[in-house]
Amino acid sequence: MAAWLCEQVGRTGSVVATDTNGQFLAYLKRSNFEFMVHDITSESLPEGSFDFAHARAVLHHLAEPERAIWRMVSALRPGGWLLLEEPDFFPVLTSSSTLYSEFMTALSGTIVKASGRDCFWARELPGLVAGMGLNQVGGEGDFAVLQGGSPTAEFFRLTAEQMRDRILAFGALTEERLDQAIALLKDASFWTFADAIVAVWGQRPA
């Protein structure tokens, strides 16, 4: 996203990306790009300094996402736009496979367990953003169709393998059920829904 934004703003614009760890942005060498080590859970951003603020798949990891949203809104110039994109795993609950639904709920819950959050809350984003006093608040959502063995299925399978010990330690799934779910994600005859991405935007009043 940072690289794409650099292309959009051109030589006369600038892009600032923030994170608590810059290892994944170190490769980005652009004259209109700046990286800032920053923790949005405890540090404010420069007041009224940006035309656009964006975060993707960040807020569901935070114990107090409302505070982070307010800091982003405060960083906007009058007339600036906020765009937030967050996952909501509600589509997995519609699967015909109870095993898959249990697995995805356990996996997503384990990922955010340290913050006390869950991955079924992005539906609240429109109300949260509207409550920040923004104008022209809107939103949309989309979800992926998952096939076993696909890149999307492989992403979830590898994540589960990486987090196996934590999933089992939390008692979210038995080892047998976890292995069955991982095998299901390899099965090309298995079709279902992955998570949804909810996008919400709004404009700071002029």
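Miscellaneous remarks
- By other beta-carbon atoms within 10 Å, ranking 6, 119 with the fewest at the front produces 6, 119.
- Around residue 201: net Lys/Arg minus Asp/Glu count, Cβ-Cβ under 12 Å: -1
- For the chain, adding -39500 (n - 2.57) for each run of n ≥ 4 DSSP H residues and dividing by the number of residues yields -9500 deg cm²/dmol at 222 nm.
- Estimated FRET transfer efficiency when R0 is 45 angstrom, pair residue 11-residue 161 (beta carbons, to 0.05): 0.55
- Euclidean distance between Cα centres, segment 1-80 to segment 152-206, Å: 27
- Peptides ranked, highest mean first, by Cβ atoms within 10 Å: ranges 25-37, 128-140: 128-140, 25-37
- Applying 0.36 nm per residue to the separation of residue 44 and residue 25 and subtracting their alpha-carbon distance, the gain on full extension is 4.8 nm.
- Neighbourhood charge, 15 Å Cβ-Cβ cut-off, centred on residue 19 and excluding it, Lys, Arg +1 and Asp, Glu -1: -1
- Listed options for semi-axes √(5λ) of the Cα gyration tensor in Å are (1) 34, 19, 17; (2) 34, 22, 19; (3) 44, 17, 14. The value calculated from this structure is the one marked (1).
Computed from the coordinates by the stated procedures, all read-outs in this text should not be read as laboratory data. Every value quoted in this text rests on a predicted model; they were computed, and no experiment measured them. Here Cβ is always computed from backbone atoms with ideal geometry, including for glycine, and neighbour counts include all displayed protein chains.
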